[in-house]
Amino acid sequence: MGEERPSPEQLLARIHAENERIQKKERGKLKIFLGFAAGTGKTYAMLQAAQDLLRHKVDVAAGYVEPHARPDTSAMMKGLETIPFLMVEYKGIRIREFDLDAALKRRPRVLLVDELAHTNAPGCRHQKRYQDIEELLEHGINVYTTVNIQHLESLNDIVESITGIEVKERIPDRIFDSADQVKLVDIEAEELIERMRDGKIYQEIQAQRALQNFFTRDKLVALREIALRRMADRVNYLAEEERKTMGTGEFSSGEHVLTCVSPSPTNAKVIRTAARLAYAFHAEFTALYVENRNLRNMDEKTKKRRDENLRLARTLGAKVATVYGEDVARQIAEYAKIENATKLVIGRTNHRLFLGQKKGTLADGINQYAPNLDVYIIPDLKNREKCGSYKPGRASVTKVTKSIGKLSREDFLIMAVLMAVCTSAGFLMRKLGLTESNIIMIYLLGVMATAAMTEGYICSVFASLSSVLLFNYFFTRPRFSLRAYGHSYPITFVMMLLVGFFSSYMMTKIQRQSQENAKRAYRTEILLTNSRKLRRAYTMEAVSNEIAAQIQKLLNLTVIVYLKKDDRIQRPQIYLRKGIHEAQRDELALDYTAKTEQAVAAWVFGNGHRAGCTTHTLPGAKAIYLPVMGGENVTAVVGIVLEEKREIDVFEYDIIMAMLDEAALVLERV
């Protein structure tokens with residue numbers, strides 16, 4: 001028999017892999033010198049490699065090397081060209097930083113840039129040094145750099161559990177995994193401790209403090225083991241990818257890891273665990289955010305924590321998806337079925353009811369709806385005090401308090417009028433000789449009407465209580481008192497109250513579901529309208545007008561569109577938001593299209609990544625600039641002025657990105 005023909009999926013994977021290889025040839029090469037702690041000799045090994053290149057007449061320059069006041073390291077700098085530092089003023093102090101523009105202008109064949117995980121001072125183009133290095137690579141410059149294992153994002157919680165220290169400076173795992181070479185600079189833990197005692201790493205006072213805290217043998221051995229395992233995982237991963245490319249391995253592991261994003265302070269640990277699981281299984285990785293009414297009404301601090309978790313998921317390579325609904329377990333289970341997820345990673349919930357019995361957990365609900373899904377529950381081993389702001393009980397009290405505070409006079413007035421109408425109808429029925437059961441039905445109807453016509457649960461609860469009290473006061477003997485002589489009345493009151501609560505709950509749930517359906521319909525309508533109008537656009541200016549109109553319909557913010565024609569960036573087209581006074585329009589138009597803003601747009605054109613306000617690249621800009629990508633080329637850049645410096649909501653951002661993807665196809669056609 002002949003050799004088995006590859007499937008369409010295998011052919012596509014090979015084409016994709018070949019395209020990536022072509023792109024890598026055009027990009028610079030990245031070599032990382034990895035250590036498991038400070039003082040292992042990463043910088044020394046990098047400089048040693050640079051000296052070897054110099055001896056072979058390779059053009060090498062040092063963009064930024066931190067000598068750490070170590071004589072051996074300083075001696076290795078001899079004969080090596082050094083690009084001058086960029087001096088940045090910050091809080092009255094001049095700080096040395098890597099000069100990215102000078103390095104791009106010098107353009108050596110190999111550039112040394114120490115401390116990959118470093119956070120740049122405010123005023124630099126990028127917030128993180130790894131972003132500087134990515135830009136260097138995109139311009140075809142080869143880079144040597146250094147990093148410690150504890151700076152990898154997915155390992156942050158493991159390192160913290162070992163050392164008791166939260167590492168603030170972190171890099172995405174994709175930087176490490178996509179490097180062309182990673183060299184582990186290894187050393188025995190005892191030898192590293194000896195070097196510390198001899199003063200070869202830190203000064204005496206700092207060294208003594210380190211030996212008592214971070215540099216203990218058990219911690220160093222654990223970190224070394226993590227570094228060795230991560231290197232082994234990387235080798236296995238690259239070998240598996242190579243087998244897939246050559247057609248000798250499976251093109252899909254069949255695994256799809258799903259995790260959930262929430263505002264919980266411990267959610268970051270869950271996301272990192274899911275990322276490590278997806279990496280180990282070579283699986284597709286998705287982070288799901290289930291939005292409901294409570295989450296939409298959360299405070300700014302909680303929203304910020306949620307957005308940080310969403311960013312973390314994207315950083316770790318997850319595809320982020322958003323669904324809407326009040327039943328979180330059902331939404332997760334349904335999404336898992338549709339997307340063929342095989343493993344779900346969630347955090348442990350700890351909800352309790354009266355007398356200490358446990359409420360059905362999220363995992364229980366998911367198991368009910370998707371019994372074939374593997375569910376991994378990640379325990380929270382952190383100090384509970386650290387997460388005290390997110391305790392379920394406290395959150396519930398806060399939520400009720402806020403709900404009462406947000407109640408409008410109109411809602412209370414509606415409830416009062418409905419209860420008055422029900423009472424009047426009750427008197428009329430009594431006069432007509434109808435039984436008390438009919439009057440009870442009238443009050444239940446009033447409770448349901450209150451739930452349908454007001455916001456939230458509070459008015460519905462008050463209506464249920466009021467209906468029982470009003471019925472007792474006006475229609476039971478003795479009348480005009482809250483006492484009742486009939487033996488059956490207490491049971492009647494309890495049943496009436498329970499039915500009222502249940503009716504109001506169901507009506508409120510239906511009301512919320514209709515709001516969620518309206519939101520989904522609104523998203524679909526915007527995207528369909530955008531698609532229909534863009535199909536009718538036959539000029540670049542018409543496409544620009546439609547993009548701006550749809551974004552302003554969604555956000556009512558000022559939009560700036562930069563188009564590219566014949567490889568030249570055209571003059572910006574500015575669409576000021578509604579509500580700006582006529583006298584301010586010209587001044588604001590000049591301000592929003594100043595040279596500094598145009599420079600940010602030009603950078604986005606050149607690099608194909610978003611930049612500006614609320615991003616990690618040129619965050620001092622007044623707008624966030626998003627690329628409109630046509631294949632590998634940027635055909636336009638859309639700026640959205642964020643006057644309050646607040647990030648665009650996840651729901652709205654997803655809609656905008658979908659609109660820009662559609663616009664990219666139309667611009668290519670035009």
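The values are calculated or read from the model by the stated rules, or taken from the named source; none is laboratory data. What you see is a predicted model, and the numbers here were worked out from it, not measured in a lab. Cβ coordinates were reconstructed from backbone atoms using ideal geometry, including for glycine residues, and neighbour counts include every protein chain displayed. Areas reflect the complete protein model, heavy atoms only, side chains present, ligands, DNA and RNA absent. Shrake-Rupley method; radii C 1.70, N 1.55, O 1.52, S 1.80 Å.
The table below lists the values:
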| quantity | calculated |
| --- | --- |
| Complete set of residues in the stretch 223-233 that are more than 13 Å from LEU152 (Cα to Cα) and crowded, with 18+ Cβ neighbours inside 10 Å | ARG224 |
| Qualifying residue in the stretch 654-670 (condition: at pLDDT below 90, within 28 Å of ASP299 (Cβ to Cβ) and open to solvent by 10 Å² or more (accessible area, probe 1.4 Å)) | yes |
| Residue identified as crowded, with 18+ Cβ neighbours inside 10 Å and among the acidic types (Asp, Glu) among GLU546, GLU587 | GLU546 |
| Complete set of residues in the stretch 619-670 that are of a type in the set (Gly, Ala, Ser) and either without any contact (Cβ under 8 Å) to a residue 12 or more places away in the chain or outside any helix (DSSP H, G or I) (or both) | GLY620, ALA621, ALA623, GLY630, GLY631, ALA636, GLY639 |
| Members of the stretch 440-471 that are part of a helix (DSSP H, G or I) and either in contact with a strand residue (DSSP E or B) (Cβ under 8 Å, 6 or more places away or on another chain) or open to solvent by less than 10 Å² (accessible area, probe 1.4 Å) (or both) | TYR443, GLY446, VAL447, THR450, ALA451, CYS459, SER460, ALA463, SER464, SER467, PHE471 |
| Conditions (1) open to solvent by 40 Å² or more (accessible area, probe 1.4 Å); (2) without any contact (Cβ under 8 Å) to a residue 12 or more places away in the chain; (3) charged (D, E, K, R): number failed by GLU160 | (1) |
| Hits in the stretch 214-239 - residues which are in contact (Cβ under 8 Å) with a residue 24 or more places away in the chain and either closer than 21 Å to GLY164 by Cβ or in contact with a Ser or Thr (Cβ under 9 Å, 6 or more places away or on another chain) (or both) | PHE214, PHE215, ARG217, LYS219, LEU220, VAL221, ALA222, LEU223, ARG224, ILE226, ALA227, ARG230 |
| Any pair with Cβ under 8 angstrom, 6 or more apart, that starts in the stretch 181-198 at a residue that is within 15 Å of GLN150 (Cβ to Cβ) and ends at one that is modelled with pLDDT under 90 and assigned to a helix (DSSP H, G or I) | ALA189/ARG217 |
| Leading residue by the ranking (modelled with the highest pLDDT) among those in the stretch 186-207 that are surrounded by 14 or more Cβ atoms within 10 Å (Cβ to Cβ) and farther than 19 Å from PRO71 by Cβ | ASP186 |
| Yes/no for VAL638 being under 23 Å from the mean Cα position of the chain (by Cα) and under 27 Å from ALA542 (Cβ atoms) | yes |
| Subset of the stretch 50-76 that is open to solvent by less than 20 Å² (accessible area, probe 1.4 Å) and assigned to a helix (DSSP H, G or I) - its residue that is nearest to ALA102 (Cα to Cα) | ALA50 |
| Test: residue in the stretch 405-415 that is closer than 25 Å to ARG306 by Cβ, in a helix (DSSP H, G or I) and modelled with pLDDT under 55 | yes |
| Positions within the stretch 267-300 being surrounded by fewer than 20 Cβ atoms within 10 Å (Cβ to Cβ) and assigned to a loop (DSSP other than H, G, I, E, B), in sequence order | HIS282, ASN292, ASN297, MET298, ASP299 |
| Test: residue in the stretch 313-320 that is at pLDDT below 85 and either in a helix (DSSP H, G or I) or surrounded by 14 or more Cβ atoms within 10 Å (Cβ to Cβ) (or both) | no |
| Check on SER481, not in a helix (DSSP H, G or I) and not β-branched (Val, Ile, Thr) | yes |
| VAL600 vs. criteria open to solvent by less than 30 Å² (accessible area, probe 1.4 Å) and closer than 19 Å to GLN127 by Cα | yes |
| Search result, residues across the stretch 556-577 that are part of a loop (DSSP other than H, G, I, E, B) and open to solvent by 10 Å² or more (accessible area, probe 1.4 Å) | ASN556, LEU557, ASP566, ASP567, GLN570, ARG571, PRO572, LEU576, ARG577 |
| Answer from ARG129, ARG170, ARG125 - the residue that is under 19 Å from PHE98 (Cβ atoms) and open to solvent by less than 30 Å² (accessible area, probe 1.4 Å) | ARG129 |
